[in-house]
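What follows draws every value from the coordinates through simple rules; no lab data is involved. Bear in mind the structure is a predicted one, so any value in this text is a computation, not a measurement. Using ideal geometry, Cβ is built from the backbone for each residue, glycine included, and neighbour counts are taken over all protein chains shown.
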Amino acid sequence: MKIRTHLFMLTAGTIVPLVAFGVFAVLVLGERERETFRAGASARTLAVLTAVDAELRSSISTLEAIGASRALHAGDLRRFHDEVTRALASQPEWLSINLADADGRQLLNARVPFGEPLPPVVDGESLDRAARTGKPAIGIILIGTVTGRHEFSVRVPIRAAGGRLYVLSAVVSPAVMSAILAAQRLPGDWVGVVLDAQDRFVARTVGAERFLGQPASDSLRAALARAPEGWFHGTTVEGAAVYTPYTRSAFSGWSVALGIPEAVVGAAGRRTVALMSGVVAGIVAVAVLLGLLLVRRITQPIAALASAARALGAGDAPAVPGAASVAEIGALARALGDAAAAIREREDALRASDRAKDQFLAMLGHELRNPLGAIGSAAAIMEAAPDSVDVGRRARAVIGRQVTTLTRLVDDLLDVSRVTTGKVVLVRRPVDLGALVDRVVADWQAAGRCARHVVTVETFPVWVDGDPIRLEQIATNLLGNALKYTPDGGAVALHVTAHGEGALLEVADTGTGIPSEQLATIFELFVQGDRALDRAPGGLGVGLTLVKALVTMHGGTVEAFSDGPGRGARFAVRLPRIEPVAASPAATPAPARERRRVLVIEDGADAREMLRVALGLEGHEVHVASDGLEGVKAVEDLGPDVAVIDLGLPGVDGYEVARRIRSGRRRASIVLIALTGYGRPEDQRRAMEAGFDLHVTKPVAPDRLAEIIATAARR
């Protein structure tokens, strides 16, 4: 064959993989551009909905403040009419304020002189809902009988003195929602809309007056019926083809959607495709030309570029050729190098974000544990020195419950961090799963946490090889989850039995249930079931994630079952079963605690005082210091048996205090205990290296700290 044929064959053999790579890059980058645009538009929709909900919540707060009127609670409606008339003047977007009884009969209206006949209430459904549920309700867009204008109502139930129920309503102009849309400064060819709970227009950036109060387009209403949020291709009410991100509020039932022209959505992707297509076409042309000129001058740079492309695809740093005889190939080499640098920067950013998350969790645990130390100490002191005043007893109970709740919150957050980074180590031993579940339920019942539900327990002795603390955490999270999602008066049942070769723990409830589409994701991090409006917020969506992770570490499985919303849920944990183990002999009673001289070095005044009083009640001689330098001097002057030192001291931190004490004349005779909110393994290692004998993580109950001091002092 002729050299021309060889050159064409060589060129074709070189170009084909390069063109394939270019086509693949075009498709990937084009799709990425479209996904980025879609994510940004959806985030913008959520931002608008957040502003809408914030405005509605603000109206509710204002109504609740008005409803606290003494005139209303005294039944003086004439004076209350004067008050709401003045309040209306301070709310420019409110068209009226009215008051109705629980039967829907309007008692007064700020726009109608007191005593004159009042028209019937419009939008009776939202008024009835507020009266029936005892919760605020948001009405729909309609034309008011008093104002004669489009309006919607924000309603708040008010329980007056004597038990009478009123419904106080603000009649709001939809102009407030139009202002929220205008503040977003949407592009002129986009259509932003706010819809009420019946999918009717409350505000619209285009043709607002024309479509106010009318139903949204068929495609948007159909999408809202399918899912509370999403993205679809449809048409506006004018018939224009658009892509639409939308989301519906769980709080108000209202929705926000954006209509984005097709050309806008496809523009970014088309630009990328055109650019990459041009680059590929240029490469092909240059390659053909170089193939016709000289084999050697084309094979070497093409081979180098192919190697760089493969390295880039594999995630490695490409070896970009330095000098190239063809300028276009050199430009492509630089482009590949820039792309590799950009990819490395994104990967570094992701790793930094992950590190920031772990640091945030650690700092959150530290910031929450500091006040918990003072609260827990105060609760224990109040128990040790009982107050005869009933209010004091209730306060102690509240403090105790909050300490327990916040501690569980912190522990769950830290456990998630440990589980996701593989730092949890199980301390296994034979455990009777049935007895463990009995203890968990008994503790919760003794604390009154099951008082509002019917809790039944049926357990049989079933032994597993596991970590008792982590197994108790599994049972506690499942029980707490069942109680949280079961209304008052509902039933929760726990069952432990042998099942085949394994042990089965089941927790079933009659609560809100789980939608079928959530069963597959319910164990993912930060995923929570839907909440009804009458449920208090709580939890971080990490409990079930921890359950699954801990069950998996024990070699077991966990599944969730539900027949749907409102029909309860059941969680089944299966663990490997072992042969029963004989009961261990009774533990030897702990020796009586001896009186010690204790020095507390703590910069927090409340925590320092609570520790001083708590340890004093345990019979110890307690001295305190508020900073590190004062603490070092107190050690030399007093010669204490034990020093309890906060690590986060101002000026000289706790680590330096320990080092100075160990270098002094009393270095061998004193026990040093680090008391801190930092509980990571590296924190413990650093404390031991500084000279501490023990590392104790906040919060710690006073009796537990006294036990630690007694044990450490006997060493």
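Brief remarks follow.
- Sequence-separation-based contact order of the stretch 623-709, relative, with Cα cut under 8 Å and 6+ spacing, percent: 27
- Cβ-based charge dipole, the stretch 425-578, positive-most Cα from Val492, Gly480, Pro515: Gly480
- Cut-off 13 Å, label 7 Å out along Cα→Cβ of Arg595, residues of the stretch 605-620 by amide N: 616-620
- With all projection directions averaged, the alpha carbon convex hull of the stretch 425-578 covers 8.7 nm².
- Full extension of the chain between His499 and Arg665 yields a length gain of 53.4 nm, computed as 0.36 nm times the residue separation minus the alpha carbon distance.
- Length-normalised contact order of the stretch 35-279 in % [C-alpha pairs under 8 Å, at least 6 apart]: 18
- Spacing of the two label points (7 Å from each Cα toward its C-beta) at Thr456 and Asp703, in nm: 3.4
- Modelled this way, with points 7 Å down the Cα-to-C-beta line, the labels at Arg78 and Glu93 are 3.6 nm from one another.
- Here Ala183 and Gln214 are evaluated by their C-beta separation; at R0 = 30 Å the FRET efficiency comes out at 0.80.
- Residues Ile709, Ile645, Ile343, Ile522 in ascending order of nearby Cβ atoms (within 10 Å, fewest first): Ile343, Ile522, Ile709, Ile645.
- Centroid-to-centroid separation of the stretch 213-230 and the stretch 44-88 [C-alpha atoms, Å]: 30
- Averaging Cα coordinates gives a centre for the stretch 554-582 and one for the stretch 644-714; these two points are 41 Å apart.
- Cα-based shape type of the stretch 197-270, given that a ≥ b ≥ c are square roots of the gyration tensor eigenvalues and the cut on a/c is 1.5: oblate
- The value for the stretch 597-713 of Rg(Cα) / (2.2 N^0.38 Å) is 0.93.
- Proximal charge balance of Gly139 [Cβ under 10 Å; K/R count +1, D/E count -1]: -2
- Extended-chain gain in nm, criterion 0.36 nm per residue less alpha-carbon gap, Ala263 and Ala227: 10.4 nm
- Contact order for the stretch 43-174, expressed relative to its length and based on alpha carbon pairs under 8 Å spaced 6+ residues apart, stands at 25 percent.
- Square roots of five times the Cα gyration tensor eigenvalues for the stretch 83-232, Å: 31, 18, 13
- Estimated inter-spin distance, Glu621 and Phe114, nm [label 7 Å along Cα→Cβ]: 7.3
- As a rough footprinting exposure proxy, the listed residues His73, His554 were ranked by other beta carbons within 10 Å of their own, and the order from fewest upward is His73, His554.
- Taking 0.36 nm per residue of sequence separation and removing the Cα-Cα distance, the Arg685/Glu517 pair yields an extension gain of 55.9 nm.
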